[in-house]
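*Asks:* Take a look at this one; I'll ask things after.
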Amino acid sequence: MTIRLRRAGLPTWPRWPFLIVRLLLVGAAGCSQAPPAAPAPFEVVEASISELGAAMNEGRITSEQLVQRYLARIEAYDDRGPALNTIIALNPDAVATARALDAERRATGARGPLHGVPLVIKDNYDMAGLPTTDGSIAMAEVMPPDDGFQVRRLREAGAVILGKTNLHEFARGITTVSSMGGQTRNPYDPTRNPGGSSGGTGAAVSASFAAAGMGSDTCGSIRIPSAHNNLVGLRGTSGLSSRDGVVPLSPTLDIAGPLARSVTDLALLLDVTVGSDPADPGTAEADANIPESYLTALDVDALRGARFGVLTMLLRQDPEDEPVARVIDAAVDDLRQLGAEVVAVEIDGLAELLDSYVVLSHEFKFALDAYLAAIPGAPSLAQVLADGRYHPDVEERLMQSNAVETLDTEEYREALARRDTIRQGVVATLDDLKLDALIYPTMRQQAAVIGRPQGGDNCRLSPHSGLPAITVPAGFTPDDLPVGLEMLGRPFAESRLIGLAYAFEQATRHRRAPASTPPLDWPDPPKRPS
């Protein structure tokens, strides 16, 4: 059974467009000269953060009206239409927050680029006033005491948190199905999965239910939904951003960050959300490795003279990989035409080093129970399993983790040591071949039909090495499904990766909106079902 938290009702639709039309008609009766045409309604589909900010600064739309328009799209396409099912809960305070930010803009100006911009966050982020369900019915009433670090940073920057998105339950999968939120669908083909575990955020952002969104990545959970939804996603260097207030899966591997429709929007969100946090000691080196702004990395000529290594083992492994591999072949041709050198690369022993989920499976129970123990009334993993309050898809993984009795084992220590070996081997390869980045498909196979196994993930290299990786749209398969090109670089080389991805994005323009969620007719909101 799927349970959904009650959503806030759609706010009263603004009357100003109707009043403008009426005044123009009255004026025309007493004047021989035709009145000027009313400005076209502002369209939120595919609108960038900068475009939203400019429209609000120029008075063409308010934050409150933006919230209303995104809510209308959610009602039209998440609840009905293709029924993408991306949202677990809407923020009942979103309209009031937007209205207050509009008044602040009028009085003192905008705080920055995110002022009044509606965003969505994965429902493993703590946000005061809403439950943090982690996609599980068992956590439907887990109320965090305050905002997580990145949520607090976003709200301080003036962002409006529109709602919380579905995820693969406990972030333990890549197809985004949960007992709390059900199955999220891919807006490019609603019969297929949106990737995961941040698939609710990925599908919502791609369908323009918000300007951008936040996810988390333990083994691909930002990058896979970015690839499946034609988005840009970054898994930063381990320690780049705080995990405080994000439900843990594996403290060694977890990172949290944005998914966006463009590299520029990604950079704007990174500027606000990265940095050292005393509540997360793993971020101690972050501030010393962060530029004044990631926007300074945006360079359309960044590919000239760049060198890439195609990691051949992550390109073709099975016959089902071929449609995606051909898209990546074309992307490699584009990189060369844009001035980059591309060579084939193999790293001895890498496949064996990556063939392990020991760190994740061992850490999960201890990390989750520690998070839940700090919240009154929250269950433990053992209680969740005893009561059966979880989706069957995650049962085996939950039971395996619950059976782990201690981290003081040779198996666990050996798995941690592998990380250093992988990182050293990758960095040595980059240095020896004078490469800016390794490249490969984020997913070797296109999004699978819902209910069928999803194959072809290349998620492990970045988390198992701690190295940063960015996914950028690379094109579409013959089935018209998106493919993501992943670029992996040296520690804290996010700026370089952003520059390379931006140059590729601007030259190829592979981002396009899904056909299943077209623009709505404005100013009239969609009619509610009877």
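Read-outs: derived from the displayed coordinates by stated rules, not from any lab. The shown structure was predicted, so the numbers you read here are calculated from the model rather than taken from an experiment. Using ideal geometry, Cβ is built from the backbone for each residue, glycine included, and neighbour counts are taken over all protein chains shown.
*Asks:* What's the local net charge at residue 398, with K and R +1, D and E -1, over the other residues with C-beta under 14 Å away? Intermediate results must be reported in sequence, preceding the final value.
*Replies:* Numbers: positive: 172, 365, 389, 397; negative: 134, 169, 363, 369, 387, 393, 395, 396.
Result for the neighbourhood of residue 398: -4.
*Asks:* Relative to the Cα centre, what is the charge dipole magnitude of the chain, using +1 at the beta carbon of each Lys and Arg, -1 at the beta carbon of each Asp and Glu, and rounding to the nearest 20 debye? If you can, show how the numbers build up before the last one.
*Replies:* Working: 48 positive and 67 negative charges, 403 e Å.
Computed about the Cα centre, the dipole is about 1940 debye.
*Asks:* Kindly provide log₁₀ I(q)/I(0) values, in the same order as q = 0.10, 0.16, 0.18 Å⁻¹, from the Debye equation applied to equal alpha-carbon scatterers of the stretch 248-335.
*Replies:* The computed values of log10 I(q)/I(0) come out as -0.45, -0.99, -1.07.
*Asks:* Taking the alpha-carbon distance from residue 434 and a cut-off under 16 Å, which aspartates and glutamates remain once sequence neighbours fewer than 8 residues away in the same chain are dropped?
*Replies:* Result set, ordered by chain and number: 341, 346.
*Asks:* Quick check on the exposure proxy: order 516, 495 from fewest to most C-beta atoms within 10 angstrom.
*Replies:* Values: 516 18, 495 22.
If I rank by nearby Cβ atoms, fewest first, I get 516, 495.
*Asks:* Quick one: if you stick a label point 7 Å off each Cα along the C-beta vector at residue 396 and residue 358, how many nm between them?
*Replies:* 2.1 nm
*Asks:* Among 437, 390, 421, which residue has its Cα positioned farthest towards the positive end of the charge dipole of the stretch 386-446, with +1 placed on the Cβ of Lys and Arg, -1 on the Cβ of Asp and Glu, and the dipole taken about the Cα centre?
*Replies:* Result: 437.
*Asks:* Could you list 365, 122 in order of exposure, starting from the residue whose Cβ has the fewest other Cβ atoms within 10 Å? Don't skip to the end; give the middle numbers.
*Replies:* Values: 365 20, 122 32.
By the 10 Å Cβ count, ascending, the order reads 365, 122.
*Asks:* Mind listing P(r) for the stretch 55-508? All alpha-carbon pairs, 20 Å bins, whole percents.
*Replies:* 27, 60, 13, 0
*Asks:* Within a 10 angstrom radius of the beta carbon, how do 221, 63, 361, 178 rank from fewest other beta carbons to most?
*Replies:* Values: 221 35, 63 29, 361 18, 178 32.
By the 10 Å Cβ count, ascending: 361, 63, 178, 221.
*Asks:* Do any GluC sites (Glu not before Pro) in the stretch 49-79 lie in a loop, going by DSSP, with at most 15 other beta-carbon atoms within 10 Å of their beta carbon, and if so which?
*Replies:* Working: sites: 51, 58, 64, 75; in loops: 58.
Here the GluC sites (Glu not before Pro) that fit, given the DSSP loop and packing criteria, are 58.
*Asks:* For the stretch 388-432, which GluC sites (Glu not before Pro) are both in a DSSP coil and crowded by at most 15 other Cβ atoms within 10 Å? Please list the in-between numbers first.
*Replies:* Working: sites: 395, 396, 405, 410, 411, 414; in loops: 405.
Within the stretch 388-432, the qualifying GluC sites (Glu not before Pro) (loop, at most 15 other Cβ atoms within 10 Å) are 405.
*Asks:* Nearest 5 is fine: what % of DSSP beta bridges in the chain come out antiparallel, could you say? Numbers along the way, then the final one.
*Replies:* On the way: 31 of 47 bridges.
Once the DSSP bridges in the chain are tallied, antiparallel ones form about 65 percent.
*Asks:* Grab the DSSP H runs of the chain that are 4 residues or longer, score each as -39,500 (n - 2.57), total them, divide by all residues and round the 222 nm result to the nearest 500 deg cm²/dmol. Don't skip to the end; give the middle numbers.
*Replies:* Values: 16 runs with 177 residues, N = 530.
Value at 222 nm, helices only: -10000 deg cm²/dmol.
*Asks:* Moving on. Can you work out the PRE-style zone for residue 405? Point 7 Å along Cα to Cβ, and I want the residues of the stretch 340-373 with backbone N under 15 Å.
*Replies:* none
*Asks:* With a sphere of radius 10 Å drawn around the Cβ of residue 247, what net charge do the other residues whose Cβ falls strictly inside it have (Lys, Arg +1; Asp, Glu -1)? Mind dumping the intermediate values first?
*Replies:* Details: positive: 122, 243; negative: 123, 126, 134, 254.
For residues surrounding residue 247, the net value is -2.
*Asks:* What Kirkwood Rh does the stretch 120-255 have if only Cα atoms enter the pairwise 1/r average? Answer in Å. Don't skip to the answer; put the middle values down first.
*Replies:* Numbers: mean 1/r = 0.0694 Å⁻¹.
14.4 Å is the Kirkwood radius here.
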